[in-house]
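The values are calculated or read from the model by the stated rules, or taken from the named source; none is laboratory data. Just so it is clear, the structure is predicted and the values come from calculations on it, not from any experiment. Cβ sites come from the backbone with ideal geometry, for glycine too, and all protein chains shown count toward neighbours. Please note that ligands, DNA and RNA were not included when accessible areas were found on the heavy atoms of the full protein model with its side chains. Shrake-Rupley method; radii C 1.70, N 1.55, O 1.52, S 1.80 Å.
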Amino acid sequence: MTLLGPEIQDLEPQFPSHRKRNHTISEFIPKRHGPPLTRRSVTMDLERLYSTNMKNTKRSAIRELLKLTEKEGLISFGGGFPDPGVFPKEEIAQITAEVLAAEGNSALQYGLTAGNPRLRRALAKWEAAQGLHLGEENVIITTASQQGLELVSKMFIDPGDTVIVELPSYLGGLNAFTSYRANLVSIPLDDEGMKVDLLSDKLKELHDLGKMPKFIYVVPDFQNPAGVTLSLERRRKLLELCYQYDLLLVEDTPYRELRFEGTAPLDLLALDERGYVISLHTFSKILFPGMRLGWALGPREIIDKMELAKQSMDLCSPSFTQSIVLRYMERGLLEPQIQRIISIYRKKRDTMLKALEAYMPKVPGMHWTHPEGGLFLWVTLPESIDTEEMFTEAVERNVAYVVGKAFCADGGGENSMRLNFSFPTEEEISEGIRRLAEAVKARLG
Ligand SMILES: Cc1ncc(COP(=O)(O)O)c(C=O)c1O
């Protein structure tokens, strides 16, 4: 009261008599008119207003199918979810409390667009341990790798630009590119990843047509959806083609660290000598996705441009989770966490492969990939089976998958499906594959 000037004190009686008690926000908000939003419908022509990019962003038919899977007792191989049993909840709870106590003011504040510099340095160090030498300036923190894909699209795609993708490829990548109106050209893959000989032919053809792509998009390690890994020889060939035709190469590698066996071929960024590669990474699968944190690596010029593109997207990735993951890394907890995940997912992968072998009918045309890591495998069925048509029958038998067509930019893939093995338990995997095999047998008649 003493702080108020006399003229203000004079006004005091004009305040409501209950001035001393705490007010709720709503007391200061004038009453709104009109029906509640839940009962209001848009009376203007929105189609006229939506941008062409938005119109080009399609709701996936697969999402509609997956709605059917919200059913009691259903075993889903559909999502790409990590096993929540591996989330290090206690360690994160402790570190979160420490972050709040020690650096709460900055951790809860806006941060730099490029990310927490200490985290960028920690990631550069982490990459150095994997054999890749780079500095903080080659790293930008992203709001997980899906934002990396959005940034790449925003930076490089003009309507009608050609982008080369794998067949099949990651749906979230395809959606990001087409929402910027890219023209997608698919190159099939086999057990060694993208067929670079076919790519070479296609590039020659596109070159002759004057439709050179802006970039090539690959998921080189334990690919989503196929589970296959691009061989070292093909990686080298891919880079050569990029140099020959002056194309950027976008490597999206969320699963690279989750290798169950064998030796990892060098990543494309490490093999590149001429600054042609952007590499997208994420904490989603090696820690947990709820943090929404990832990082992109590349030549400084590109990282600087990414920072600019990111500014108008979200200003910065969450400072709070960056502080948490930084402490987690500094404490040396990430490596053992990855080892824990690997040992659990390896067993699940083995269980799925064993169940497929045991239950699936042995008919021509039926085969599946044998991933050496990651979260998925890809099943190809005889051509007579359309997995979209079979979907409701599978759901009736209480099992679900993602139809292969969803991942095929050329509209094919009818007789294929993606199966996830990280989320279901081992018991669910065995039982789910048994049910799936029953659905396949019923289709085969
Ligand atoms: C190949 C690939 N890229 C990107 C993502 C996006 O992941 P996030 O945004 O959680 O990092 C995923 C998710 O499954 C993926 O499989």
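For the reader, a short list of remarks on this structure follows.
- Computed over segment 77-119, the percent of Cα pairs more than 15 Å apart is 63.
- When you count the other C-beta atoms within 10 angstrom of each residue and take the mean per peptide, 97-110, 38-51, 281-294, 318-331 line up highest first as 281-294, 318-331, 97-110, 38-51.
- Alpha-carbon centroids, segment 43-62 and segment 360-428: separation in whole Å: 31
- From phi via Karplus (6.51, -1.76, 1.60), per-residue ³J(HN,Hα) for segment 139-144 in Hz, x at Gly/Pro: 10, 10, 7, 10, 7, 6
- Segment 175-236: equivalent-ellipsoid semi-axes (sqrt of 5 x gyration tensor eigenvalues, Cα, Å): 21, 16, 8
- Protection proxy ranking, peptides 169-180, 353-364, average beta carbon neighbours within 10 Å, highest first: 169-180, 353-364
- At the residue level, THR69 shows approximately 30 square angstrom of accessible surface with a 1.4 angstrom probe and all protein chains present.
- Highest to lowest packing among 395-402, 342-349, scored as the average C-beta count within 10 Å: 395-402, 342-349
- Secondary-structure-derived ellipticity at 222 nm for the chain, considering helices only, amounts to -13000 deg cm²/dmol, per-run term -39500 (n - 2.57) for DSSP H runs with n ≥ 4.
- Once the 1.4 Å probe is applied to the protein heavy atoms, the chain comes out at 50 Å² accessible per residue.
- Its Cα centre serving as origin, the chain has a Cβ charge dipole (Lys and Arg +1, Asp and Glu -1) of approximately 1000 debye.
- Solvent-accessible surface (1.4 Å probe) assigned to LYS204 amounts to roughly 120 Å².
- When the surface is traced with a 1.4 Å probe over the full set of protein chains, GLU428 keeps roughly 80 Å² accessible.
- Pairs spanning more than 29 Å between alpha-carbon atoms, out of LYS125/LYS348; LYS125/LYS285; LYS31/LYS58; LYS285/LYS305; LYS154/LYS285; LYS58/LYS348: LYS125/LYS348; LYS31/LYS58; LYS58/LYS348.
- Candidate lysines - alpha carbon under 18 Å from LYS362, same-chain residues fewer than 8 apart omitted: LYS354, LYS441
- Residue-count net charge about MET313 - beta-carbon cut-off 11 Å; Lys, Arg +1, Asp, Glu -1: -1
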